């Protein structure tokens, strides 16, 4: 009977697996766009901040307008990530849906915690040099950690490699000084995202 067939555990399992494959496929199709959005955010945002501080002696900090531009670009990239993940996992129940929701929430939570931490550093008396390094390397560190963790969810080797690269870039930026950190973040961080987007765009499906 149709009712018995609908209750067949094997049919239900097949439908769940089909929905998961669809979600992975949708995310894979849109990944180059996501990486490109983040690449532009880092390259343009950190690059503009670097342009505003490259001639400072001593270092005083980036211009307020450049910080605002970076913040807007990050918010836009986070929004694109959350919307794309939600759209790709819509209609999927159970663990897969919860994974998508939790992954999406990691972005605003991670950056909110970072910005609050940076505010605490400033309140504790951290100088312009320390704040400059934290402002350049911190966002890359948060993004790298989220990507490495997310790669374990979808078993995505490209995402894992990109996350590991971003962690290495953040660590290197910490030793480059406040001005050098912005240049390293813009070129190596933004460039890494754009390289990943180009790689996935040129990669043959299947």
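Select from the stretch 49-60 the residues that are in a loop (DSSP other than H, G, I, E, B) and within 27 Å of residue 165 (Cβ to Cβ) and list them in ascending order.
Taking the stretch 49-60 and keeping what is in a loop (DSSP other than H, G, I, E, B), we get 54-60.
Across the stretch 49-60, the qualifying residues are 54, 59.
Going through 126, 149, 134 one at a time, which residue ends up being within 19 Å of the chain's Cα centre (by Cα), closer than 19 Å to residue 174 by Cα, surrounded by 14 or more Cβ atoms within 10 Å (Cβ to Cβ) and free of Cβ contacts under 8 Å to residues at least 60 places away in the same chain?
Numbers: 126 fails: within 19 Å of the chain's Cα centre (by Cα); 149 fails: closer than 19 Å to residue 174 by Cα.
None of the others qualify; the one that does is 134.
From 34, 46, which residue is under 19 Å from residue 177 (Cα atoms) and either out of contact with any helix residue (DSSP H, G or I) (no Cβ under 9 Å at 6 or more places or on another chain) or assigned to a helix (DSSP H, G or I) (or both)?
Values: 34 fails: under 19 Å from residue 177 (Cα atoms).
None of the others qualify; the one that does is 46.
Out of 149, 170, one residue alone is modelled with pLDDT of 95 or more and in a helix (DSSP H, G or I). It is 170. Residue count for the stretch 115-141, restricted to those that are within 23 Å of residue 101 (Cβ to Cβ) and modelled with pLDDT of 95 or more: 1.
Can you go through 45, 39, 55, 100 and tell me which one is more than 11 Å from the chain's Cα centre (by Cα), surrounded by 16 or more Cβ atoms within 10 Å (Cβ to Cβ) and at pLDDT 85 or above? Spell out the reasoning first.
Numbers: 39 fails: more than 11 Å from the chain's Cα centre (by Cα); 55 fails: surrounded by 16 or more Cβ atoms within 10 Å (Cβ to Cβ); 100 fails: at pLDDT 85 or above.
After applying the criteria, what remains is 45.
The values are calculated or read from the model by the stated rules, or taken from the named source; none is laboratory data. This one's a predicted model, so the numbers in the text were calculated from it and none came from an experiment. Neighbour counts are summed over all protein chains in view; Cβ atoms, including those assigned to glycine, are modelled from backbone coordinates with ideal geometry.
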